[in-house]
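Asks: Encoded as structure tokens, here's the structure I'll be asking about.
The values are calculated or read from the model by the stated rules, or taken from the named source; none is laboratory data. What you are looking at is a predicted structure, and each value in this text was computed from that prediction instead of being measured. Note that we place each Cβ from the backbone using ideal geometry, even for glycine, and neighbour counts take in every protein chain shown. The area values use the complete protein model at the heavy-atom level, side chains included, leaving out ligands, DNA and RNA. Shrake-Rupley method; radii C 1.70, N 1.55, O 1.52, S 1.80 Å.
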Amino acid sequence: MASGPGAPGLELEHVTISIGGRRLIEDLTMAVAPGEIATIMGPSGSGKSSLLSFICGTLEPDFEALGLIRLAGVELGPCPPERRRVGILFQDDLLFPHLSVGENLEFALPASVRGRAARRAKVAAALAEADLVGFGGRDPASLSGGQRARVALMRTLLAEPRALLLDEPFAKLDVALRARIRRFVYVHAQAASLPTLLVTHDPEDARTTGGPVLELG
Amino acid sequence: MRFVPATVAHGQLGRAQPAGTARQPVRGRWLRLIPPLTLGLFLGPILAGLLGTILPAFGYLPALGGERLSLAPWRQLFAAPGLQAASQLSLMTGLLATAIALALTILAFAAGQGTRAFRRARRLMAPLLAVPHLATAIGLAFLLAPSGWLVRLITPWLTGWQTPPDMSLLQGPYGFGLTLGLVVKETPFLILMTFAGLGQVHADRHLRQARAFGYGRIQAWLKVVLPLVYPQIRLPIYAVLAYSLSVVDMAIVLGPTTPPTLAPLILRWFSDPDLTLRFQAAAGACLQMLLVLLAIAAWRLAELLIARLARPWLTSGGRGGSGRLGHWLAWLCLGVVTLLAIGGLFALAVWSVAGAWRFPAAWPAELTLATWARHLDLLARPIATTLLVGLAATLLALGLVLGCLEQEQVSRKPPGQGALLLLYLPLLVPQISFLFGLQVILVRLGLDGTWLGLIWAHLLFVLPYLFLTLAEPYRSLDRRYETSALALGKPHWQVWWRIRLALLLRPVLIAAAIGFAVSVGQFLPTQMVGGGRLVTLTTEALALANGADRRLVGMVALSLAVLPLVAFAVALALPAWRFRHRRGMASGG
């Protein structure tokens with residue numbers, strides 16, 4: 001995966017997704033620069049999540065998808081999901097219930113970080129960043145919704161992604177919490193210079209990104 | 001099969017619907033009796049049977065003159081020739097078969113979960129599971145015997161043999177054939193149970209998440225899905241282990257003979273004309289039970305150990321490769337297992353219509369229906385008995401299970417983990433360990449060799465499978481369908497019958513087909529309770545299996561395999577036809 005020419009961000013070119021002959025997404029072309037948060041809005045069933053699955057490489061076989069995805073100039077199409085280095089946050093935080101909070105973070109840490117001490121230090125730093133010092137040994141199920149959301153983001157960032165996809169990650173949080181977590185996610189995505197693609201049907205999510213917004217029919 | 005749900009429902013509702021005023025409390029009162037009745041009907045015989053085995057093991061069996069407790073049967077048992085070798089063989093084949101079946105299951109899911117091919121392969125598993133163990137075993141024997149089909153296919157051009165070789169994969173001293181047979185039968189079972197377990201743990205979403213972190217397919221499955229799904233399949237694994245350690249019919253066909261594994265050896269003592277051997281046999285049946293407990297305990301210990309040792313590996317960050325090698329390995333192994341199972345059935349079919357078929361020839365000289373024509377009358381009674389017992393046990397079990405599940409809905413109290421364990425009891429206790437005692441009791445009650453006794457004995461095994469299959473769809477049906485029907489002013493029984501049962505037609509019929517298949521496959525309960533007076537296809541097939549006439553054996557074993565498959569076909573076709581104009585019913589209830 002040598003990096004080619006072209007723009008450094010995430011690019012979609014003429015992406016079309018259909019299921020059973022029904023077009024969900026038609027000829028979508030867009031580019032997201034590093035540190036930029038682009039939003040795709042649309043009602044449920046409009047194919048927003050399918051688009052993210054297509055970018056991740058996990059689109060169900062029933063779907064048909066055409067078009068190019070490029071990340072840092074490299075085409076993702078031929079890569080299996082695990083080689084794409086695309087981080088994704090879902091509506092459910094999907095912390096693995098059989099691992100502790102710290103182990104969840106360590107799971108995402110690349111194997112290139114060697115040695116127990118070095119790995120633990122990275123995990124501790126991530127916990128501190130999420131304002132969860134000392135939570136490493138906790139059961140994820142014992143955390144509040146906001147805490148879980150923060151752990152989920154830190155976990156995704158520890159895997160060192162080159163792009164970030166957000167699949168309505170704030171939908172299940174209550175209103176007061178939503179603004180805080182949203183800010184937390186946006187700040188970290190921008191600090192890591194990640195091209196970020198957000199799908200949502202909450203206009204407030206889109207308004208606060210300061211990035212481009214695209215409406216799907 | 002067609003009238004299965006109808007008959008049961010009328011029986012049920014006849015009780016459940018009070019004359020005149022249909023009020024919930026009255027309905028609840030009748031319904032409330034069903035779970036304890038069910039438990040009594042199926043736990044009673046098992047516990048009584050265990051007691052009836054343990055007492056003679058310590059010398060107490062007044063009918064045979066054993067009036068005082070003593071350790072003599074145990075001394076007799078341990079002095080019996082071949083006991084140690086038989087026990088070792090049982091442990092080895094049982095543990096090995098379970099471990100291999102589990103490994104294949106894990107490999108298949110790790111390499112294949114979420115792929116389209118794997119989803120298609122799933123549909124093949126249910127019919128493979130439906131074929132009785134004995135039919136699969138005889139089919140395998142037809143393939144693997146020294147003069148079997150596989151040798152014929154490579155002889156003489158590859159082997160140079162003119163006569164069947166002396167050595168055999170089957171019945172050799174290490175139980176290779178038995179282990180293979182168990183793997184062929186138990187892998188589909190574990191695969192289907194794993195499919196059922198995956199839905200409970202959101203496996204797909206976790207898998208997708210792990211792969212987004214850069215994990216290869218196989219590592220992601222092993223590190224994330226396996227730890228989550230294993231607790232869901234733990235009891236099924238123990239059931240496979242218990243079954244494999246104590247199987248009789250498969251062991252007689254595919255296992256070694258001198259000595260055999262423990263369970264067939266015990267059965268030999270039970271059937272010996274020398275009645276004093278019964279005490280020794282009872283002690284042996286207790287030993288069998290202890291072996292199973294020991295094996296389960298050892299397995300549990302290994303689980304804990306592996307979970308502990310693997311913990312650092314889970315979070316070490318290793319992503320693994322593309323898993324292409326694992327992918328091919330999985331398809332290869334599953335392919336071999338499936339081919340052996342289907343190939344065996346094909347061998348049965350070909351033998352049953354074979355004319356002259358000399359040794360090295362790969363195909364019979366002629367195909368003829370002579371065997372079927374000559375022996376068809378031999379099949380009539382076993383088929384009738386098999387159908388009657390199977391349908392009766394299935395209907396009874398279905399009525400009880402539906403009653404239990406409906407009571408659960410009414411009381412809104414789902415049963416806990418303890419109830420699940422009770423349900424698994426007949427699958428965890430070796431059959432031979434309580435069937436002896438049960439037989440003694442049935443003889444006392446004058447029920448041995450009767451239809452009632454036999455149907456009851458089959459019920460013990462049909463009921464748990466039926467419950468396990470039906471519980472999930474029954475519980476997950478959206479209650480609001482019924483609420484809206486009640487709001488339209490329909491009485492309870494009509495709502496249950498016309499809404500719930502109608503919506504659940506497909507899972508109900510599939511559960512019934514599984515129950516029927518379980519009944520058809522029962523060897524030991526039929527042999528011990530039927531007492532030779534009631535003969536089913538299974539007991540008939542095993543009686544013939546050691547005889548020489550492969551054509552006849554092929555015919556009986558093929559019939560044995562086909563009967564449950566027909567039930568499955570009906571269970572799939574009937575709802576498909578009934579709802580052919582209802583797209584919303586396409587993927588089951």
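Asks: Measuring from centroid to centroid over Cα atoms, what is the spacing of the stretch B:187-265 and the stretch A:92-133 in Å?
Replies: A separation of 30 Å, based on Cα centres.
Asks: Are there any helices in chain B, counted as whole DSSP H runs, that stretch 30 Å or more along their axis by Cα and score at least -1.0 on average by Kyte-Doolittle, and if so which?
Replies: Numbers: long enough: B:34-57 (34 Å, 1.70); B:83-112 (43 Å, 1.63); B:176-198 (32 Å, 1.54); B:277-314 (54 Å, 1.26); B:324-352 (41 Å, 1.60); B:370-411 (59 Å, 0.97); B:451-476 (36 Å, 1.06); B:550-578 (41 Å, 1.59).
Membrane-span-like by this rule: B:34-57, B:83-112, B:176-198, B:277-314, B:324-352, B:370-411, B:451-476, B:550-578.
Asks: Name the residue from A:G137, B:T53, B:L402 whose Cα lies farthest towards the positive end of the charge dipole of the protein assembly as shown, charges +1 on Cβ of Lys and Arg and -1 on Cβ of Asp and Glu.
Replies: The residue sitting most towards the positive pole is B:L402.
Asks: Just the number please: accessible area per residue for the stretch A:97-159, 1.4 Å probe, all protein chains included, in Å².
Replies: Details: 2620 Å² over 63 residues.
For the stretch A:97-159, the per-residue accessible area is 42 Å².
Asks: Sticking with this structure for a sec: Run through the DSSP bridge list for the protein assembly as shown and note the antiparallel percent, rounded to the nearest 5.
Replies: Given both bridge residues lie in the protein assembly as shown, the antiparallel proportion sits at roughly 55 percent.
Asks: May I pose another question? Suppose a student asked you for the relative contact order of chain A, using Cα pairs under 8 Å spaced at least 6 residues apart; what percent would you report?
Replies: Details: 394 pairs, mean separation 68.2, N = 217.
Dividing the mean separation by the residue count of chain A yields 31 percent.
Asks: Let me ask something else about it. What average number of partner chain Cβ atoms lie no more than 10 Å from the Cβ of the residues making up A:49-59? Intermediate values should be presented prior to the final figure.
Replies: Values: counts 0, 0, 0, 0, 1, 0, 0, 4, 3, 7, 0.
Mean partner shielding for this stretch: 1.
Asks: For chain B, what is the calculated [θ] at 222 nm in deg cm²/dmol (nearest 500), taking -39500 (n - 2.57) for each run of four or more DSSP H residues and dividing by its residue count? Provide the component values of the computation, followed by the final result.
Replies: Details: 26 runs with 425 residues, N = 589.
Dividing the helical sum by the residues of chain B leaves -24000 deg cm²/dmol.
Asks: Something else now. If you roll a 1.4 angstrom probe over the protein chains with everything in place, what fraction of the accessible area of the protein assembly as shown belongs to carbon and sulfur, to the nearest %?
Replies: Numbers: 22370 of 35470 Å².
Reported share for carbon and sulfur atoms: 63 percent.
Asks: Multiply the residue gap between B:R479 and B:L64 by 0.36 nm, knock off their C-alpha separation, and tell me the result in nm, one decimal place.
Replies: Answer, rounded to one decimal: 143.7 nm.
Asks: Oh, and also: Using DSSP to define loop residues, name the chymotrypsin sites (Phe, Trp or Tyr not before Pro) in the stretch B:450-507 whose beta-carbon has at most 13 other beta-carbon atoms within 10 Å. Could you put the intermediate results ahead of the total?
Replies: Details: sites: B:W451, B:W456, B:F461, B:Y465, B:F467, B:Y474, B:Y481, B:W493, B:W496, B:W497; in loops: none.
Nothing satisfies the criteria.
Asks: Hey, can you find the accessible area per residue of the stretch B:524-589 for me, probe 1.4 Å, expressed in square angstrom?
Replies: Details: 3050 Å² over 66 residues.
So the stretch B:524-589 comes to 46 Å² accessible per residue, rounded to a whole number.
Asks: If the label point is 7 Å along Cα→Cβ of B:E472, which residues in the stretch B:498-520 have backbone nitrogen under 16 Å from it?
Replies: B:506-512, B:514-515
Asks: Let me have the relative contact order for the stretch A:97-159, percent, based on Cα pairs under 8 Å that are six or more residues apart.
Replies: Working: 62 pairs, mean separation 32.0, N = 63.
Result for the stretch A:97-159 is 51 percent.
Asks: To continue, here is another question. Considering only A:H98, A:L109, A:V151, whose Cα is most displaced toward the positive end of the charge dipole of the stretch A:97-159, charges sitting on Cβ of Lys, Arg (+1) and Asp, Glu (-1)?
Replies: A:L109
Asks: With every protein chain left in place, what is the accessible area per residue of the stretch B:82-368 in square angstrom, probe 1.4 Å?
Replies: Values: 11660 Å² over 287 residues.
That works out to 41 Å² per residue.
Asks: Express in whole angstrom the spacing between the alpha-carbon centres of the stretch B:89-142 and the stretch A:134-148.
Replies: One Cα centre to the other: 40 Å.
Asks: List the relative contact order of chain B as a percent without decimals, with contacts defined as Cα pairs under 8 Å and 6+ residues apart. It would help to have the intermediate numbers written out before the result.
Replies: On the way: 821 pairs, mean separation 140.9, N = 589.
Relative contact order, chain B: 24 percent.
Asks: Cα gyration tensor of the stretch B:82-368, axes a ≥ b ≥ c as square roots of the eigenvalues: rounded (a/c below 1.5), prolate (a/b > b/c) or oblate?
Replies: Details: a/c = 2.34, a/b = 1.32, b/c = 1.78.
Verdict is oblate for the stretch B:82-368.
Asks: Another question, if that's okay. Within chain A, which DSSP H helices have Cα atoms that stretch 18 Å or more along the helix axis and a mean Kyte-Doolittle hydropathy of at least 1.0? Walk me through the intermediate numbers first.
Replies: Details: long enough: A:116-129 (20 Å, -0.02); A:145-158 (20 Å, 0.19); A:175-191 (24 Å, 0.29).
Helices passing the filter in chain A: none found.
Asks: Taking a spot 7 Å from the Cα of A:S112 along the direction of its beta carbon, which residues of the stretch A:168-193 have an amide N less than 18 Å from it?
Replies: A:192-193
Asks: Exposed loop sites here are GluC sites (Glu not before Pro) in DSSP loop states with at most 12 other C-beta atoms within 10 Å. What is the longest stretch of chain B lacking them?
Replies: Values: sites that count: B:E67, B:E366.
Within chain B, the longest run free of exposed GluC sites (Glu not before Pro) spans B:68-365.
Asks: While we're looking at this one, here's another question. Compare the peptides B:123-136, A:39-52 by average per-residue count of other Cβ atoms within 10 angstrom and give them in order, highest first. Don't jump to the answer; show the numbers that get you there.
Replies: Details: B:123-136: 22.1, A:39-52: 18.7.
Highest mean packing first, the order is B:123-136, A:39-52.
Asks: Hey, another quick one. Which whole number gives the average count of other chain Cβ atoms within 10 Å of the Cβ atoms across peptide B:295-306?
Replies: Details: counts 0, 0, 0, 0, 0, 0, 0, 0, 0, 0, 0, 0.
Mean partner shielding for this stretch: 0.
Asks: Once the cut-off is 22 Å, how many percent of the Cα-Cα pairs in the stretch B:36-185 end up in the long-distance tail?
Replies: On the way: 7520 of 11175 pairs.
Of the Cα pairs, 67 percent sit more than 22 Å apart.
Asks: Taking each residue of A:87-99 in turn, how many C-beta atoms of other protein chains fall within 10 Å of its C-beta, and what is the average? Each step should come with its number before you reach the end.
Replies: Working: counts 4, 5, 2, 4, 0, 4, 1, 8, 2, 9, 6, 12, 6.
Whole-number average of other-chain Cβ neighbours for A:87-99 is 5.
Asks: Next up: Using a simple spin-label model with points 7 Å from Cα along the Cα→Cβ vector, what separation in nm is obtained for B:M92 and B:R498?
Replies: Placing both labels 7 Å along Cα→Cβ, they lie 6.5 nm apart.
Asks: Right, another one. If you take the accessible area of A alone plus B alone and subtract the pair, what total do you get in square angstrom, rounded to 100, with a 1.4 Å probe?
Replies: Working: alone 10700 and 27310 Å², together 35470 Å².
So the total buried area for this chain pair works out to about 2500 Å².
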